[in-house]
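Every number here is computed from the coordinates shown, using simple stated rules; none is lab data. Please read all numbers here as calculations on a predicted model, not as lab measurements. So basically every Cβ, Gly included, is an ideal-geometry build from the backbone, and we count neighbours across all protein chains shown.
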Amino acid sequence: MTACAVSFSGVEKTYKRPRLLGAEYHTAVKDLSFELRAGEITGLLGLNGAGKTTVMKLITGLLFPTAGQVRVFGCSPSDVAAKARVGFLPELPYFPPQVKPAAALMYYGRLSGLSGADLSLAVESAMRKTGLEPHAGKRVSEFSKGMLQRLGLAQALLHKPDLLVLDEPVSGLDPLAIHDIRGLLAGLNSDGRAIFLSSHSISEVEKLASRVLIMVRGALAATVTRAQWEAAPGGLETIFVEAVK
Amino acid sequence: MKDLFLARAVAFNSFSESVRNRFFTLFAVFAFTAVYASVLAGVMAVDQEARVLTDFGLALIELTALAYSLFGVSSSLLKEAETKTIYLVFSRPVPRRVYLAGKLAGALLTAGLMLAIMGAIHLSLLAFRGFGLPEFYAWALAGTFLKLAVIISFAFFVSLFSTSAVSTLVISSIMWTLGHFAAEARFMAERLPGFKGIVFNVFLWLIPNLQLFNARDAAGAACALGPGVIVPAASWVAASYLAALWLLARKEF
């Protein structure tokens, strides 16, 4: 039996927006239960507002569930022991424009508990893996969107996490950058890392993931395995369209 | 030890980002202009030139450092949340108490550097006019730093519940002003009878008495800041930090 990296059981997340009189409530995810297995690439598909980013933030402890329970490697997502095993790439990550990539990575490496020679090695390795080495002398302000995304991925890899949570990792990238990132993620997975990625690109998820979760209006509409979508006429796209209709 | 290492990383990152920011250079130029203005006031004072030059310069240093610090702090956490930089921090094993302590230390370091730069400009102007180092000058700057520490930590607290940087700026500025009238307000509260007096007294305990750190006023009169003022300053900073931490621990991003 494969070990469980993340488990959601009956999770609900409701956002409260204060108004002049009272408050407005919006339920982003409801009664959500699923598991992410260690060492597996799982995709998360859904239309805008389906709750994909909320799920990712719940895993990384940036949001707290209103009801239900989220466990990451058996711990609460807010627990430092869980966070030490998770790498997160948010959509469109920001880095100070005046710094060079190594300086930005040094900072995030320190926050991940690395220091001294380990830190230098981790920065070097993350830059090499993400193809940032030739751009080491540039400042972040000179980076293209694709390079920023690589830097975002590099900061998530620094502490060699067991689980990578990637929110739209190929959003807005050119085909060559997408190809490179796909290769990088496949390589990381072959090292035994679990990857959980959300995307609007069905074809990208189809190429990488071995299992896909489809979310519709905050609920889990379907869980599809590679064997299922490969056997289905029209593939994953048809299954997705039918699920969200 | 690990927490200290993390807090140091956050503090130095916050400090270097502030110093690299164009806003810092702009303020340094503004500070030079403002402090230089004290030369004009000093010249007009004729035989009291040294005292006016010292007092006026120290007052301008304090107000400029206050404005710089409040502008920086009021948008600091808000900007990190808006740019999602905070996602990269809080998705790592960084306890929120450590992050807040690091941000506070970074802001204090920046304020300290701003004070040192302005102090150097001011002293060079005094030397240019042929005056030596005023007695207790360092105490006056230390008093200003303690005031800044109190108001910076308060601004961090306010920024965690206010809806914009402007409201943080306004609320913190009001607290700064109230803090300079705390003794007068306490005097009045003691004379208020019954329940009203009790409520007013309790409310006043929430306002830091910034007059305690006013060595600046006393510098020309050759009177030093008592070392005992560290305790109230540390207490107000700690209270604001704990209140801010209470909010930050519950905050979602």
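Structure notes:
- Förster radius 41 Å - calculated FRET efficiency between A:Phe64 and B:Val29 (Cβ-Cβ, nearest 0.05): 0.35
- Quick note on chain A: its Rg to Rh ratio, both from C-alpha atoms and Rh being the Kirkwood radius, is 0.98.
- Computed over chain B with a Gaussian network model linking Cα atoms closer than 10 Å, the most mobile of B:Ser167, B:Ser74, B:Ser91 is B:Ser91.
- With Cα atoms defining each centre, the range A:45-80 and the range A:124-143 are spaced 30 Å apart in the structure.
- Between helix A:175-190 and chain A there is an angle of about 80 degrees, using the helix long axis and the longest principal axis of the Cα atoms.
- Among the chymotrypsin sites (Phe, Trp or Tyr not before Pro) found in the range B:118-210, those both in a DSSP coil and sparsely packed, with 16 or fewer other Cβ atoms within 10 Å of their Cβ, are B:Phe131, B:Phe161, B:Phe181.
- Built amide H within the under 5 Å cut-off of A:Tyr15, gap 5+: A:His26, A:Thr27, A:Ala28
- log₁₀ of I(q)/I(0) at q = 0.23 Å⁻¹ - the range A:1-83, Debye sum with one point per alpha carbon: -1.15
- Taken along its principal axes, the alpha carbon cloud of chain B reaches lengths of 61, 54, 34 Å, longest axis first.
- Listed residues B:Ala138, B:Phe71, B:Leu60: farthest to the positive end of the dipole of the range B:2-250 (Cβ charges): B:Phe71
- For A:Arg37, the amide hydrogen comes within under 5 Å of the amide hydrogens of A:Ala5, counting only partners 5 or more places away or on other chains and with H modelled in the peptide plane.
- Here the Karplus curve 6.51 cos²θ - 1.76 cosθ + 1.60, taken at θ = phi - 60°, turns the phi angles of the range A:56-64 into couplings of 5, 5, 5, 5, 8, x, 7, 10, 10 Hz, with x standing for Gly and Pro.
- Our coupling estimate for the range A:107-123, obtained by passing each phi through the Karplus curve with A = 6.51, B = -1.76, C = 1.60 and θ = phi - 60°, is 4, 5, x, 4, 5, 8, x, 8, 7, x, 5, 4, 5, 4, 5, 5, 5 Hz, Gly and Pro reported as x.
- Partner lysines for A:Lys16 [C-alpha distance under 21 Å; skip if fewer than 8 residues away on the same chain]: A:Lys30, A:Lys52, A:Lys57, B:Lys84, B:Lys251
- Using θ = phi - 60° and Karplus 6.51 cos²θ - 1.76 cosθ + 1.60, couplings along the range B:38-50 (whole Hz; Gly, Pro as x): 5, 4, 5, 5, x, 4, 6, 7, 6, 6, 9, 4, 4
- Rounded to the nearest 20 debye, the dipole magnitude of the protein assembly as shown is 500 debye, with +1 charges on Lys and Arg beta carbons, -1 on Asp and Glu beta carbons, and the Cα centre as origin.
- In a fully extended conformation the segment linking A:Lys145 and A:Ala232 would gain 27.8 nm over its present Cα-Cα distance, using 0.36 nm per residue.
- With the biggest extent put first, the Cα atoms of the range A:89-160 measure 29, 24, 21 Å across the principal axes.
- Using a Förster distance of 30 Å, the FRET efficiency for B:Leu63-B:Leu247 (Cβ separation, nearest 0.05): 0.60
- Each principal axis of the Cα atoms in the range B:85-167 has its own extent, and those three values, largest first, are 56, 27, 19 angstrom.
- What you get for chain A, charging only the Cβ of Lys and Arg (+1) and of Asp and Glu (-1), is a dipole of about 540 debye around the Cα centre.
- For the range A:121-171, applying the loop criterion from DSSP together with a ceiling of 13 other beta carbons within 10 Å to the trypsin sites (Lys or Arg not before Pro) yields A:Lys138.
- For A:Leu164, distant residues with modelled amide H under 5 Å away: A:Gly87, A:Ala194, A:Ile195, A:Phe196
- Over all projection directions, the Cα-based convex hull of the protein assembly as shown averages an area of 29.4 nm².
- With contributions of -39500 (n - 2.57) from each DSSP H run of at least four residues, the per-residue ellipticity at 222 nm computed over chain A stands at -10500 deg cm²/dmol.
- Förster radius 41 Å - calculated FRET efficiency between A:Ser201 and A:Glu12, Cβ distance, rounded to 0.05: 0.90
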